[in-house]
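J.: Pasting a structure here, questions to come.
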Amino acid sequence: MKLYMAPYAPNPRRVAMFLAEKGVSDIPIEVLDLPAGAHRTAEFRAKSPLSQVPTLELDNGTCLTESRAICTYLEGLYPEPNLMGRDATERAFLEMWDRRVELAFAMPLMMWVRHGHPGLAAIETRQSADVASFYEGGAKRMAVWLDQQLAGQPWIAGERFSIADITAAAGMDFAKMMKWRPEENTPHLKAWRERLAARPAGQVGP
């Protein structure tokens, strides 16, 4: 296997955090320079037609390009510690929460950064201040809702750490580029991120 990654980008970070939590460190990694367009070369597009990172190239040459799909594959190879559910009920429950935080929290944070940070203009060639503002508002509203959920449970999906926590953290960490942190009105979200920082997944750089 070989994993194609990019520093700072949230979806590669999601996979890196997942691997760290699993304690897996023996998969070869190639870091791509996104601002230089390394993900848009014909050679890389042969592996990832939509120029996406992360991309996991399997031993038979086929490639996985969606971070959630890559994590599902890795969960099968490295089942412990379990991060995606031990039976049908728990798998469905954790996937529900993972999708919630991905679509309503992490993705809006990503879109805010991609459209709002001038340093990403080379990657997001159609930056829009209106798009950035729209997603900023949605992400911050979801942060308040998540804070309410975390008032009664330690982790996003309940009593145990899961992929949903990784997904939410990857989006939040990307939003540091906009100098955003959990605010005074979301103390439970702040405490959750501090708990995560003590775990292997929370210590992934940069």
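The values are calculated or read from the model by the stated rules, or taken from the named source; none is laboratory data. Quick caveat: nothing in here was measured; it's all calculated off a predicted structure. All Cβ positions, glycine included, derive from the backbone under ideal geometry; neighbour counts span all protein chains shown.
J.: Out of all the residues in region 175-202, which are at pLDDT 95 or above and of a type in the set (S, T, N, Q)?
T.: THR186
J.: Turning to a different aspect of this structure: Which numbered condition trips up PHE44, out of (1) crowded, with 18+ Cβ neighbours inside 10 Å; (2) closer than 30 Å to VAL144 by Cβ; (3) in contact (Cβ under 8 Å) with a residue 24 or more places away in the chain?
T.: Among (1) crowded, with 18+ Cβ neighbours inside 10 Å; (2) closer than 30 Å to VAL144 by Cβ; (3) in contact (Cβ under 8 Å) with a residue 24 or more places away in the chain, PHE44 violates only (2).
J.: So, one more: Of the residues in region 123-159, how many are part of a helix (DSSP H, G or I) and of a type outside the set (A, V, I, L, M)?
T.: Going through region 123-159 one residue at a time, the tally reaches 13.
J.: So, in region 140-157, of the ones that are touching a residue at least 40 places away in the same chain (Cβ under 8 Å) and of a type in the set (Gly, Ala, Ser), which residue ends up nearest to ARG14 (Cα to Cα)?
T.: ALA157
J.: Using beta carbons and a limit of 8 Å, which pairs, at least six apart or on different chains, have the first residue in region 76-105 and within 15 Å of GLU21 (Cβ to Cβ) and the second one among the polar types (S, T, N, Q)?
T.: The qualifying pairs are LEU83/SER162; MET84/THR72; MET84/SER162; GLY85/SER162; LEU94/SER162; ASP98/SER162; ASP98/THR167.
J.: Given the residues PHE105, PHE134, which is the only one that is surrounded by fewer than 16 Cβ atoms within 10 Å (Cβ to Cβ) and either modelled with pLDDT of 95 or more or not aromatic (Phe, Trp, Tyr) (or both)?
T.: Result: PHE134 is the single residue among PHE105, PHE134 that is surrounded by fewer than 16 Cβ atoms within 10 Å (Cβ to Cβ) and either modelled with pLDDT of 95 or more or not aromatic (Phe, Trp, Tyr) (or both).
J.: Evaluate region 114-137: report whether one residue or more is touching a helix residue (DSSP H, G or I) at 6+ places or on another chain (Cβ under 8 Å) and within 25 Å of PRO187 (Cβ to Cβ).
T.: Yes, there is a match, as at least one residue in region 114-137 is touching a helix residue (DSSP H, G or I) at 6+ places or on another chain (Cβ under 8 Å) and within 25 Å of PRO187 (Cβ to Cβ).
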